[in-house]
Amino acid sequence: MRATYSFPPGFRWGTATASHQVEGGNTNNDWWAWEQQPSRIALGQSSGLACDWWGGRWKEDFDRAASGAQNAHRLSLEWSRIEPTPATWDESALGFYRELLRGARERGLVPMVTLNHFTLPIWLAERGGWTNEAIVGHFERFVRKAVAGLQDLVDTWVTINEPNLVAFLAHLTGVFPPGQHSLTATFNAIRNIVLAHAAAYHAIHEIQPQAQVGLAHHYRGLRPANPRSPLDRWIAHFREQIFNDAVAIAAHVGSLRLPGATQRVPKAARTQDFIGLNYYSTEQFGFNLLHPARALAVGTYPPGSDLSPSGFIANVPEGFWHALRWANGFGIPIIVTENGIEDADDSIRPRYLATHIRVLWRAVNFNWPVLGYYHWSLVDNFEWERGWTQRFGLWELDAVTQERRERPSARFYAEICRANGLSSDMVGHYAPEVLDDLFPPAGEAELTRLVKR
Ligand code: FCB
C-alpha cells in the first residue's frame, strides 16, 4: 500500500537542544562543578567543549538543520553566562544569544527559547537552588533581563524544562546536583519551580504581551507492573499524580497537590499558553516491600521491550498517544518540545521515529491542537549524568575532533520535514520492519470480496 500521513500547513518541525549540553566551556554553573567531582558522571566524563556552539559551531549545525528542511529550533539560554554574579549582567553573553537567534531566523528556523534547562549559576546553587524560595525572585529578575533583550527575536518561551525531573533527580534520587535524597526538599523544589514559572509567565507577558509561554513537561508513561495487584496500581497512580500531573495542574488551576498537602498557588493559575510535552518512554512500577521508597523512583521495562542500546529507553509509541491525550485535556495548544532515543548505531531510531510520528499524525487528525514537533536532538551532545555514553543526535558527533556525521535518521527526518508528512515509501526505506504495522497491506481476501461484489 502506498500512502502518506500528511500534516497541516505550517506545522513546526524542529530539533531541540540545551545550552549546557551543546555550548561547551560552561564553567560557572552547578553542573560544571558536579562534573569535576569523582563518580558523578558515567566514565568520569564531562561536558568539556560539548558541541562547541560557544566557539561558533552552532552555525554549521543550524545549516544542517535548515538543509534538512526543519523550520524551527528549540534552544536554551545559559543563566550563568548572562548573570555570572548576582545582578551583574554580561551583555556580551546576551549578544551571543542575539547572534545565535538571528542566525536561526536567517536560516528559516523559528526559535523557541527555554529560559532554564537544568543548570543553575553557581552563586544560586550555593544558596540552595530550587529548594530556597529566594530563587523565585532571582529567576524573575533574570527572565526580565533576557526577555527584554531578546524579545524582537523570540516569541515562544519555555520558562523551565521538566520541573518534575529536575526536582526528583536533584533532590530525591540524587543523580543531578546537589545530589540530595530528601522528599521534603523534592516537594519544596517543585513548589518553588511552580512559583518561579508563574512569576516568569507574568513578567514575560508584561514585557511582551503577544508572547506564547509554557513549560516543557516530562510526561512519563506509567503502568502498574502487575495490573491485578492493587498495590502496584496504587503506586503507579500515585506516581502519576505527583510526577506527571502536579505541576501541569498547578499551572492550570493554581493549586499544587502533593502528598500530605494541597497548597494554593493562585498566581500560577492559567499560566500556560501551550503545553510543552517531552515524551520518551513508558515504564512500569511495582511495589517492593523490601524497598518501598524505590517504588517512587525506579521504574522498569517489561521483558521483551524494544530497548535502546543502553536499555535507557523503550520504544512505546502507545505511551506517546497517552501523553498527547493527557496534554489535550488542558484545552490549550500542544507543542511536542522533545521526543527521541539514544542510539549510536541508529539501529532503533528510524522505527522509533516512524512509529512516534504516526501517533503524532493521529493526534493531529483528532483535531487536537498540536502545533509542532521538536526531535531531541540535532547532534549528539552531553547527556547529563550519563555523559557521552548515550547518543541522541540525528547527527553523530566525535566530541574530540568535533566532526559530525549524518545518521540515516537525519535523512529520514529531513524527508518527513520536507514532505510535511510520513509516507510509506520513507518507512519502506528507513524502517521496513514497521511498514506493515503503519501501512497495513490490503488483505487478499478483502480484495477478492470487493472485486466479486
Ligand atoms: C530530557 C532532557 C534533555 C535530554 C533528554 C534526553 O529529559 O530534557 O536535556 O537530556 O532528556
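Read-outs throughout are calculated quantities, based only on the coordinates presented, and are distinct from any laboratory measurement. Just so it is clear, the model here is predicted, and its values are computed rather than measured. Here the Cβ positions follow ideal geometry from the backbone for every residue, glycine too, while neighbour counts run over all protein chains shown.
Here are a few things to note about the model shown:
- For region 238-290, the set of trypsin sites (Lys or Arg not before Pro) satisfying both a DSSP loop assignment and a count of at most 14 other C-beta atoms within 10 Å is given as R270.
- Cβ crowding within 10 Å ranks L222, L394 as L222, L394, fewest other Cβ atoms first.
- Note on R411 and D425: the extension gain reaches 3.7 nm, defined as 0.36 nm multiplied by sequence separation minus the Cα-Cα distance.
- A DSSP coil position with no more than 15 other Cβ atoms inside 10 Å describes the following GluC sites (Glu not before Pro) in region 72-171: E126, E133.
- Charge context of W32, other residues only, Cβ under 13 angstrom, K/R +1, D/E -1: -2
- Counting only residues at least eight positions apart within a chain, or on another chain, the aspartates and glutamates with an alpha carbon under 13 Å from that of K452 are E444.
- Globularity index of the chain, i.e. its alpha-carbon radius of gyration over 2.2 N^0.38 Å: 0.96
- Whole-Å distance, taken between Cα centres, linking region 36-66 and region 324-368: 26
- Cα centroids of region 234-281 and region 75-133: 25 Å apart.
- Residues L422, L256, ranked from the fewest to the most other C-beta atoms within 10 Å, line up as L256, L422.
- Charge dipole of region 226-364 (Cα centre as origin; +1 on each Lys and Arg Cβ, -1 on each Asp and Glu Cβ, all else neutral): 640 debye, rounded to the nearest 20.
- Unit charges on C-beta of K, R, D, E only; dipole of the chain, Debye: 1280
- Computed from the Cβ-Cβ distance with R0 of 51 Å, the FRET efficiency linking Q263 to S6 stands at 0.70.
- By the helix-only formula, in which each DSSP H run with n ≥ 4 contributes -39500 (n - 2.57) and the sum is divided by residues, the chain has a 222 nm mean residue ellipticity of -11500 deg cm²/dmol.
- Placing unit charges on the Cβ atoms of the charged side chains and taking the dipole of the chain about its Cα centre, the candidate lying farthest along the positive direction among L258, Y279, S308 is L258.
- Within the chain, antiparallel bridges make up roughly 30 percent of the DSSP beta bridges whose residues both belong there.
- 25 °C / 0.890 mPa s Stokes-Einstein diffusion coefficient of region 131-285, Kirkwood radius on C-alpha pairs, µm²/s: 151
- Farthest toward positive dipole pole in region 156-247 [+1 Lys/Arg, -1 Asp/Glu at C-beta], among P227, H202, Q180: P227
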